[in-house]
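To start, the structure under review is shown below, and the notes come after it.
The values are calculated or read from the model by the stated rules, or taken from the named source; none is laboratory data. Just so it is clear, the model here is predicted, and its values are computed rather than measured. Note that we place each Cβ from the backbone using ideal geometry, even for glycine, and neighbour counts take in every protein chain shown.
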Amino acid sequence: MPFEPRAIRGDEAEVIRTALARPPLMEVLPQVLERLAGATVNGVCGCGCASIHLELGTADCKPIADAVGTTVRGHRVGVLVWGRRDTIVSLEIYDLEDDTDVSLPTPASIQPFASKAGE
């Protein structure tokens, strides 16, 4: 079944905003965050994780935020925001604990990935 584009959910937008504030790998233009609430999700990952694609076919993007967080069920997940200074391309959520819970982390739990090494 083909994916039907949909509006970004508030929890998805909040995870992106939080990851970019903790601090980002690259500063994004302020208007990029202002436009986030009206963004369209054009695809999702087929594995069942919470990853979303806002733009498809963008070859020159790179990680602009790299973080870790904890889901509501207490599982650690990685958070990568992909994009450029002028756009957010995707949100990638990946497993850090060999677990099946790769849902969105709670925004309050999001920390820069480097801080994981000090745990």
Exercise for the section: May I ask you to verify whether D66 is closer than 24 Å to L96 by Cβ, at pLDDT 95 or above and touching a helix residue (DSSP H, G or I) at 6+ places or on another chain (Cβ under 6 Å)? Expected result: yes
Handout entry: Pairs, first more than 21 Å from A21 (Cα to Cα) in the stretch 84-110, second assigned to a loop (DSSP other than H, G, I, E, B), C-beta under 7 Å, six or more apart
Key = D95/V102; E97/H75; D99/H75; D101/R73; D101/H75; V102/C49; V102/A50
Fill in the blank from the handout: Selection over the stretch 36-50 where residues are within 25 Å of D99 (Cβ to Cβ), among the hydrophobic types (A, V, I, L, M, F, W, C) and in contact with a Leu (Cβ under 7 Å, 6 or more places away or on another chain) yields a count of 2
Handout entry: Selection count where residues are among the polar types (S, T, N, Q) and outside any strand (DSSP E or B), scope the stretch 63-108
Key = 3
Handout entry: Hits in the stretch 1-40 (condition: closer than 24 Å to F113 by Cα, in a helix (DSSP H, G or I) and charged (D, E, K, R))
Key = D11, E12, E14, R17
Completion exercise
Residue hits (the stretch 1-35; loosely packed, with under 11 Cβ neighbours inside 10 Å and either touching a Leu at 6+ places or on another chain (Cβ under 6 Å) or modelled with pLDDT of 95 or more (or both)) are G10
Handout entry: Leading residue by the ranking (surrounded by the most Cβ atoms within 10 Å (Cβ to Cβ)) among those in the stretch 41-74 that are out of contact with any strand residue (DSSP E or B) (no Cβ under 8 Å at 6 or more places or on another chain) and farther than 19 Å from R9 by Cβ
Key = G74
